[in-house]
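So the structure is just underneath, and the comments pick up after that.
The values are calculated or read from the model by the stated rules, or taken from the named source; none is laboratory data. Note that the structure is predicted; figures quoted are calculated from it, not measured. We place every Cβ from the backbone using ideal geometry, glycine too, and count neighbours over all the protein chains shown.
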Amino acid sequence: MSCTDFFTGIRLAAVLLPLLAACAVPPKPAVVPPAAPVPPVAAPVAPAAPFAVSKWEMLPDWQTVDLQPSWRAFQQSCLALKNKPDWQAVCSRAGALAQTDNTSLRAFFEAAFTPYQVFNPDGSSQGLITGYYEPKLTGSRVKTARFSYPLYAEPDDLLTIDLTELYPQFKGLRLRGRLEGRRVVPYFNRAEIDGGRAQARVLFWVENAVELFFLQIQGSGRIELPDGCLVKVGYADQNGHPYISIGKKLIEMGELKAEQASMQGIKAWAEHNPEKLAALLEQNPSYVFFRELPEGLSAPLGALGVPLTDEYSIAIDPRTIPLGAPVFLSTTHPNQAAPLNRLMLAQDTGGAIRGAVRADFFWGFGDQAGAQAGRMKQRGQLWVLFPKGAEPALD
């Protein structure tokens with residue numbers, strides 16, 4: 001889970017604000033001599049919006065897919081959405097549903113929602129589907145020779161800048177920075193934070209630097225303390241710098257081949273190249289801060305604010321897909337050709353999850369979930385289910 005980086009926001013402000021001011025009074029048209037006619041050039045075909053209305057029969061295996069696990073995840077979404085105008089009626093009907101067998105659930109979704117297929121800006125319908133999970137790290141509340149890598153809470157000097165109230169065109173843009181005298185400047189990058197520059201409290205000290213790095217990518221996890229107690233931690237904030245894939249960096253450096261640049265492959269490289277690890281990790285300036293979560297949580301909290309459901313929650317780009325919405329996913333299992341078609345719930349976001357047809361599949365907790373998540377890099381299609389009466393406007 002992450003926010004648009006500071007530099008992007010400043011560039012947008014610098015470029016867009018003068019343009020908006022200039023648009024307030026349209027300039028007088030210039031007198032231009034007539035030009036020779038130019039033959040028309042066919043433009044690439046692409047939808048005018050990221051969605052196109054679809055039909056239920058277009059969703060692969062819709063008539064046979066098991067909807068009961070999806071229903072449990074959908075009920076979690078309604079905990080966060082039930083008071084929102086577009087969702088009040090549908091969540092109320094869901095709460096009153098007497099029968100929850102697959103036939104009844106299918107009838108409910110078909111009566112309450114309209115499916116819309118998601119498209120990329122170029123008109124294509126295929127996108128990248130990756131996986132994530134809840135890892136377990138070993139750690140301590142005190143620093144020792146064994147536990148020496150800090151897991152930081154949100155820093156006291158981290159500023160969040162929201163421009164929406166003054167500039168509605170920047171809706172959804174949240175900047176991160178810090179004060180330097182009277183100036184707001186970008187917050188510290190990963191190398192600076194690792195060097196102790198952040199004014200942040202240490203929640204835990206963990207054993208392994210690369211495991212800590214991947215915990216930041218996953219956004220939540222559990223810390224096993226020396227007494228065997230497991231403590232849940234979740235995303236608190238991010239430093240505002242863009243996410244850079246260290247897997248791609250290793251490929252560019254000739255250290256790994258493309259097929260080796262999975263989470264497992266990167267961890268193996270780190271184990272054999274400890275002297276190069278710090279420099280590699282610094283290639284990704286993005287840094288995630290954590291908070292300790294209540295013991296009673298059944299699963300990590302996603303960006304929607306509700307517990308995720310193993311294998312039925314996904315992270316999406318909320319600029320396209322609304323948080324909380326049901327999303328039908330059609331893809332394949334990791335390293336297999338076997339179809340993976342199911343109704344998921346868009347309950348999380350992620351720093352690397354950018355684009356319309358793009359999703360991160362939550363596999364759950366532990367090593368087996370990690371193995372699936374680390375291998376998952378599939379092509380897939382997405383259909384968003386919009387409540388009837390709240391469908392997107394298509395130009």
Residues in the stretch 241-272 that are free of Cβ contacts under 8 Å to residues at least 12 places away in the same chain and not in a helix (DSSP H, G or I) total 3
When the stretch 234-246 is checked residue by residue, the ones that are crowded, with 19+ Cβ neighbours inside 10 Å and either over 23 Å from Leu304 (Cβ atoms) or charged (D, E, K, R) (or both) are Asp237, His241, Ile246
(message) Just to be sure before I move on: is Trp71 in contact with a helix residue (DSSP H, G or I) (Cβ under 6 Å, 6 or more places away or on another chain), in contact (Cβ under 8 Å) with a residue 60 or more places away in the chain and in a helix (DSSP H, G or I) in the structure I sent?
(response) no
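Could you tell me which residue of the stretch 32-54 is modelled with the highest pLDDT, considering only residues that are part of a loop (DSSP other than H, G, I, E, B), touching a Pro at 6+ places or on another chain (Cβ under 7 Å) and not polar (S, T, N, Q)? Quick ask: steps written out before the conclusion?
Just the residues of the stretch 32-54 that are part of a loop (DSSP other than H, G, I, E, B), to begin with: 32-50, 54.
Restricting the remaining residues to those that are touching a Pro at 6+ places or on another chain (Cβ under 7 Å) gives 46, 49, 54.
Still in the list and also not polar (S, T, N, Q): 46, 49.
Working: Ala46: 43, Ala49: 60.
Among them, the one singled out is Ala49.
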With criteria (1) modelled with pLDDT under 95; (2) in a strand (DSSP E or B), Tyr152 comes up short on (1)
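So in the stretch 167-205, with the set limited to residues that are among the hydrophobic types (A, V, I, L, M, F, W, C) and in contact with a helix residue (DSSP H, G or I) (Cβ under 6 Å, 6 or more places away or on another chain), which one is modelled with the highest pLDDT? It would help to see each step written out before you state the result.
Going residue by residue through the stretch 167-205, those that are among the hydrophobic types (A, V, I, L, M, F, W, C) are 170, 173, 175, 179, 184-185, 188, 191, 193, 198, 200, 202-205.
The next check asks that each one be in contact with a helix residue (DSSP H, G or I) (Cβ under 6 Å, 6 or more places away or on another chain); those that pass are 173, 175.
Details: Leu173: 71, Leu175: 87.
Once the filter is applied, the top-ranked residue is Leu175.
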Within the stretch 168-218, residues over 24 Å from Gln264 (Cβ atoms), in a loop (DSSP other than H, G, I, E, B) and either of a type outside the set (D, E, K, R) or under 25 Å from the mean Cα position of the chain (by Cα) (or both) come out as Lys171, Gly172, Leu173, Gly181, Tyr187, Phe188, Asn189, Gly195, Gly196, Ala198, Gln199, Ala200
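Filter the stretch 217-233 for residues that are surrounded by 13 or more Cβ atoms within 10 Å (Cβ to Cβ) and not aliphatic (A, V, I, L, M); which is farthest from Pro135 (Cα to Cα)?
Only one residue tops the list, namely Pro226.
Condition check: of a type in the set (Lys, Arg), assigned to a loop (DSSP other than H, G, I, E, B) and either touching a residue at least 60 places away in the same chain (Cβ under 8 Å) or surrounded by 23 or more Cβ atoms within 10 Å (Cβ to Cβ) (or both). Does Arg319 satisfy that? Walk me through it before giving the result.
Details: of a type in the set (Lys, Arg): yes; assigned to a loop (DSSP other than H, G, I, E, B): yes; either touching a residue at least 60 places away in the same chain (Cβ under 8 Å) or surrounded by 23 or more Cβ atoms within 10 Å (Cβ to Cβ) (or both): yes.
So Arg319 passes the test.
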Among Leu281, Leu329, Leu301, the single one that is crowded, with 19+ Cβ neighbours inside 10 Å, under 22 Å from Leu128 (Cα atoms) and aliphatic (A, V, I, L, M) is Leu329
Flagged in the stretch 278-296 as closer than 23 Å to Ala200 by Cβ and assigned to a loop (DSSP other than H, G, I, E, B), in numbering order, are Glu282, Gln283, Asn284, Pro285, Ser286, Tyr287, Leu293, Pro294
Of the residues in the stretch 92-110, those that are without any contact (Cβ under 8 Å) to a residue 24 or more places away in the chain and in a helix (DSSP H, G or I) come to Ser92, Arg93, Ala94, Gly95, Thr103, Ser104, Ala107, Phe108
Taking the stretch 273-307 and the residues there that are free of Cβ contacts under 8 Å to residues at least 60 places away in the same chain and not small (Gly, Ala, Ser), the one that is farthest from Leu343 (Cα to Cα) would be Glu275
Of the listed residues (Asp360, Asp348), the one being of a type in the set (Asp, Glu), buried (at least 21 other Cβ atoms within 10 Å of the Cβ) and farther than 12 Å from Thr130 by Cα is Asp348
Subset of the stretch 165-191, residues farther than 9 Å from Gly240 by Cβ and surrounded by 17 or more Cβ atoms within 10 Å (Cβ to Cβ), comes to Phe170, Leu173, Arg178, Phe188, Asn189, Arg190
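So, in the stretch 334-345, exactly how many residues are under 30 Å from Ile223 (Cβ atoms), surrounded by fewer than 23 Cβ atoms within 10 Å (Cβ to Cβ) and modelled with pLDDT of 95 or more?
Step one: list which residues in the stretch 334-345 are under 30 Å from Ile223 (Cβ atoms), which gives 334-335, 344-345.
Filter once more, keeping what is surrounded by fewer than 23 Cβ atoms within 10 Å (Cβ to Cβ): 334-335.
Retained after the next criterion (residues that are modelled with pLDDT of 95 or more): none.
Selection size over the stretch 334-345: 0.
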